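First the structure, in the form of C-alpha cells, and then the observations on it.
The values are calculated or read from the model by the stated rules, or taken from the named source; none is laboratory data. The structure presented is a predicted model; accordingly, all values stated were derived computationally and were not measured. No Cβ is skipped: glycine too gets one built from the backbone with ideal geometry, and neighbour counts run over all protein chains shown. Side chains included, ligands, DNA and RNA excluded: accessible areas come from the protein's heavy atoms. Shrake-Rupley method; radii C 1.70, N 1.55, O 1.52, S 1.80 Å.
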Amino acid sequence: MLEVKNLKVSFKTPNGLVEAVNNSSFTLAKGESLGIVGESGSGKSVTSLAIMRLHPAENTLVSGEILLNGINILNLPEDQMRHLRGNRIAMIFQEPMTSLNPVLTCGNQVTEAIRLHLRVDSTEAKQRAIKLFNEVQLPRPEAIFDSYPHELSGGQKQRIMIAMALSCDPEILIADEPTTSLDVTVQKTIIELLHRLKAERNMSLVFISHDLGVIHEIADQVIVMYKGEIVEKARAEAIFTTPQHSYTRGLLACRPSPNYHLKRLPVVADFLNNKHQTSNTIENIRSQNAYQPGEIAAHRKSLYQQQALLQINELCTWFPTGGGLFGKKKDFVKAVNRVSFDVFPGETLGLVGESGCGKSTLGRSILRLIEPTSGGVNFDNTNLRKLGKKDMREMRRDIQIIFQDPYSSLNPRLTVGDSLMEPLQVHQLYENNTKRKQRVLELLERVNLPPEYFNRYPHEFSGGQRQRIVIARALALQPKFIICDESVSALDVSVQAQVLNLLRELQQEFKLTYIFISHDLSVIKHISDRVMVMNKGEIVETGDPDDIYFHPKNEYTKKLIDSIPKS
C-alpha cells in the first residue's frame with residue numbers, strides 16, 4: 001500500500017547541508033502496523049513528515065520515491081497533495097497541546113477538517129465530530145465539543161488529535177510519539193484505542209516511538225533507525241527475542257527491568273563500543289551487573305537505623321475552587337491531603353502516581369514553593385513552616401529541586417555558565433567570580449559535559465544535556481536533599497538510562513538524599529529504596545519496591561502496574 005524507496009532528506013543550514021535521513025526503504029501493507037523506533041534525532045519524525053510532504057520546500061531537499069498505491073506522491077502538485085492529506089494519509093502529531101490551536105474550541109478544529117475535505121455543512125460536520133468523539137471514547141462529547149484545549153487532560157487532548165486524524169477515513173494513519181509523557185494508564189488506553197480503530201476501519205498504522213515497550217504492544221513489523229539510517233528491519237517478535245544490530249540491543253537493554261536490581265543501567269554506547277559482544281544476551285548482561293540480594297538488604301538496614309532527615313506530618317495543601325460568598329460553603333481541591341512520611345539520609349524515596357494525583361504539589365509544598373495549608377515539615381531538626389523568608393532562602397542551600405522540563409527551568413537569555421553561577425552568587429559562596437567559575441567548570445565535568453559549554457545557551461543543547469545542566473545547578477550549593485520531579489519522564493530511554501546512572505553516582509559521591517517523583521513504576525522500582533504510591537492527594541501504599549511491584553495490595557497500584565508495557 002505504501003512503499004518508501006531510497007528516501008533521502010537533507011536540510012539547508014548556514015553551515016551547509018545536514019543529512020537527516022539517508023537511503024531509507026520500507027513497505028507498509030494494508031491493515032498492517034509498522035513501528036519505527038529510535039532515539040531523538042534518529043530521523044523517525046523527519047521520515048513521517050516527508051511522507052506527509054510537510055517539510056518546508058525552501059530549505060529541505062527530498063529525494064527517492066514515496067509510492068502510495070503505485071503513485072509517487074513526491075511528484076504530485078500541492079493541490080493534489082492537500083487532497084491526499086486527511087483523505088488518504090493522516091497524522092497524529094507528537095505534542096497535542098502545541099498541535100491544537102489554543103484559541104479555537106476542540107469541536108471547531110475537528111469540524112474544520114471535515115468541512116474542508118468532505119464538503120458538508122456545519123450541522124452535519126458537528127454530528128460527525130461528536131460521533132468521532134464517541135468513537136475515541138471521550139467523556140461528555142457534546143461538552144468537549146465546546147471546550148478549549150487547556151480545559152482537557154493530556155490523554156483527552158491526544159484523543160482529540162486522533163479524532164481529527166480519523167475524521168476523513170484515511171487509509172494510513174501515522175502516529176508520531178502519541179504516548180510520550182503520558183501516564184502509563186493513559187498510554188495503555190491510547191494503545192488499546194488505536195488497536196481497536198485500526199481493526200474496525202481496516203487501516204494501516206505507522207507508529208513512531210523511542211520506547212520499545214510501547215512498540216512491542218502495537219507493531220507487526222519494526223524498523224530501527226539510528227542517525228538517519230535503518231539499521232534493522234524485522235517482525236516485532238524477532239526484534240525483541242533475537243535483535244541483530246548492536247544499537248537495537250542497546251535500546252532494549254537500557255530500559256529498567258523489574259526482574260533485576262542493577263547497579264548501573266546499560267546504555268547504548270556500551271553496545272556500539274563493542275563493550276558487550278553479540279554472544280552476550282541482554283539477560284546475561286543484566287545479571288552480571290546486578291546487586292546480590294544480601295547487598296540490598298544490608299544497605300537498607302543501615303539506612304533505616306538512622307534518624308530521619310525529613311519528617312512530614314499530616315501535610316495538607318488545599319486550593320480553593322470558588323464559593324465562600326453570602327454564607328456559601330467554600331470548596332477546595334485537596335491536592336495533598338493529610339500526608340505523613342519520613343525520609344532517611346542517603347535514601348531514595350520513590351513517589352509514583354498518575355498526573356494530577358498531587359506528586360509535584362507535595363514536592364513543592366515541602367520546599368515551600370507552594371505554601372501548605374496545614375501540617376508539619378521538619379528538615380534536619382528544623383520546622384520549615386516556621387521559618388521567615390530570609391531563613392527559608394538560607395535553608396534552600398540544603399534542599400534543591402530538579403524540575404520536570406529542563407528547558408523551561410533554564411533562563412533562555414542566560415548562558416549555561418551564568419545559570420550555574422547565579423545560585424553561588426545569591427548565596428555568596430566563594431570569594432569571587434573567578435573561583436565561582438572554577439566551581440562551575442568542575443560541576444560541568446562531573447555531569448559529563450565539556451568546559452566549552454560554559455558560554456553556550458540552553459537552546460543549543462539536547463534534552464538530555466539540558467537535564468544534566470539542571471542537575472549540575474542543583475548540585476552547585478552542595479545540598480543534602482534533592483527532589484527530582486519527573487526528571488527523566490520526557491527523555492529517550494537511552495538518555496534516561498544515562499541520567500539515572502548519573503543520579504545514582506552523584507548520590508554515592510555526595511551522600512545525597514532523594515525524593516524521586518515519577519509516573520513510571522519501572523523507573524521508580526529501579527532507583528528507589530522505598531516506594532510510595534499516591535492517588536487523589538493521599539498516599540495509598542508504601543513499601544519495598546519488590547513488594548509494591550510484584551505483590552501490590554491497593555487496587556490503584558495494581559492498575560498502575562497492569563498498564564506498564566511488557567517488553
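For the range 155-310, the percent of C-alpha pairs falling in each 10 Å distance bin, counted from 0 to the bin holding the largest distance, reads 9, 30, 27, 20, 11, 3, 0. When you filter the trypsin sites (Lys or Arg not before Pro) in the range 512-543 for DSSP loop state and at most 16 other Cβ atoms inside 10 Å of their Cβ, you are left with 536. Only Lys, Arg, Asp and Glu carry charge here, each on its Cβ (+1 for the first two, -1 for the last two); on that basis the range 448-553 has a dipole of about 300 debye about its Cα centre. The largest accessible area among 532, 164 belongs to the first residue in 164, 532, and the rest follow in falling order (1.4 Å probe, all chains). For residue 480, the aspartates and glutamates whose Cα comes closer than 18 Å to its Cα, not counting residues fewer than 8 places off in the same chain, are 342, 347, 380, 391, 394, 398, 505, 509, 529. Each 10 Å bin from zero holds the following percent of Cα-Cα pairs in the range 444-567: 11, 39, 31, 15, 4, 0.
The largest accessible area among 520, 418 belongs to the first residue in 418, 520, and the rest follow in falling order (1.4 Å probe, all chains).
Can you give the calculated 222 nm mean residue ellipticity of the chain, where each DSSP H run of n ≥ 4 adds -39,500 (n - 2.57) and the sum is split over every residue, rounded to the nearest 500 deg cm²/dmol?
For the chain, the value works out to -11500 deg cm²/dmol.
The ellipsoid equivalent to the alpha-carbon distribution of the range 176-267 has semi-axes of 24, 18, 12 angstrom, derived from the gyration tensor eigenvalues as √(5λ) and listed largest first. Entry for the range 348-422 at q = 0.13, 0.18, 0.26, 0.28 Å⁻¹: log10 I(q)/I(0) = -0.52, -0.93, -1.28, -1.34, Debye formula applied to identical alpha-carbon scatterers, no solvent contribution. Given a 1.4 Å probe and every protein chain left where it sits, what share in percent of the accessible area of the chain is carbon and sulfur? Carbon with sulfur: 47 percent of the solvent-accessible area. Across the range 509-519, rounded Karplus estimates of 3J(HN,Hα) from the backbone phi angles (6.51 cos²θ - 1.76 cosθ + 1.60, θ = phi - 60°) give 6, 9, 6, 7, 10, 10, 9, 10, 9, 7, 9 Hz, Gly and Pro being marked x. Taking a Cβ cut-off of under 9 Å around residue 530, the surrounding Lys, Arg, Asp and Glu residues balance to a net charge of -2, with basic ones at +1 and acidic ones at -1.
In the assembled protein chains, residue 374 presents an accessible area of approximately 50 Å² (probe radius 1.4 Å).
Between rounded, prolate and oblate, where does the range 65-156 land on the alpha carbon gyration tensor, with a ≥ b ≥ c its root eigenvalues, rounded for a/c under 1.5, else prolate if a/b exceeds b/c? Prolate, because a/c is 1.5 or more and a/b exceeds b/c.
Remark on the range 1-73: hydrodynamic radius 12.9 angstrom, per the Kirkwood mean of 1/r across alpha carbon pairs. Mind sorting out which of (1) 29.6; (2) 34.5; (3) 31.2 is the real mean projected area of the Cα convex hull in nm² computed from the coordinates? Comparing each candidate, only (1) matches the computed number. Note on residue 30: lysines with a C-alpha under 22 Å away, same-chain residues under 8 apart excluded, are 5, 44, 198, 233.
Taking all protein chains together and rolling a 1.4 Å probe, residue 493 ends up with roughly 10 Å² accessible. Using alpha-carbon positions, what is the distance between the centroids of the range 1-75 and the range 477-501, in Å? After rounding, the separation between the Cα centres reads 33 Å. Starting from the Cα gyration tensor of the range 71-219, take the square roots of the eigenvalues, sort them a ≥ b ≥ c, and report rounded, prolate or oblate (rounded when a/c is under 1.5, otherwise prolate if a/b is larger than b/c, else oblate). Oblate. Check each of the trypsin sites (Lys or Arg not before Pro) in the range 106-165 and keep only those in coil by DSSP with at most 15 other C-beta atoms within 10 angstrom; list them in order. Of the trypsin sites (Lys or Arg not before Pro), the ones in loops of the range 106-165 whose Cβ has at most 15 other Cβ atoms within 10 Å are 119. Between residue 95 and residue 407, the simple label model (points 7 Å from Cα in the Cβ direction) yields a spacing of 0.4 nm. Of all beta bridges that DSSP places with both ends in the chain, some 55 percent have antiparallel geometry. With protein chains left intact and a 1.4 Å probe, residues in the chain average 45 Å² of accessible area per residue. Length available on full extension from residue 415 to residue 462: 0.36 nm per residue minus the Cα-Cα distance, which gives 15.4 nm.
Ranked from largest to smallest solvent-accessible area, with a 1.4 Å probe on the protein heavy atoms, 436, 53, 385 come out as 385, 53, 436. Using equal-weight Cα scatterers in the Debye expression, the normalised intensity of the range 16-137 in log10 at q = 0.16, 0.18, 0.22 Å⁻¹ is -1.02, -1.21, -1.44. Do any of 525/558; 157/227; 188/558 go past 23 Å between their Cα atoms, and which? Exceeds cut-off: 157/227.
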